[in-house]
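Enquirer: The structure is given below, and queries will be raised subsequently.
Bear in mind that the values in this text are calculations on the coordinates, not laboratory data. Everything numeric in this text was worked out from a predicted model, so none of it was measured. Counting neighbours? That spans all protein chains shown, and the Cβs are built from the backbone with ideal geometry, glycine included.
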Amino acid sequence: MKIHKYQIPIINSFNILLPVTAVILSFQMKNNNAFIWVIVDEIEPPIPRNFRLVGTGHNIDFLIAQYIGTIQDDIFVWHLFEEKLI
């Protein structure tokens, strides 16, 4: 297993290809870009995992999600969630 870094786009909804067992460690800003750091088993095949980025004060229009973390990007504050299947 290794720790990998993935850049997070500042958009409402997006997918990242990660193994199902990947563990997200951190969500932070680095050099004015948003990233997650993830423990990845490189032997496992990646699958699309769905994420939502929500600004403070914005509506959350999804119900089943796991909170990942919060970052401050200049005057904006973003909250990252991973959508979960029921």
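Enquirer: Just grab the label-to-label distance for S13 and A65, each label 7 Å out from Cα along the Cβ direction, in nm (one decimal).
Expert: Rounded to a tenth, the inter-label distance reads 1.1 nm.
Enquirer: Using only C-alpha atoms and all pairs of different ones, pull out the Kirkwood radius for the chain in Å with one decimal.
Expert: 13.4
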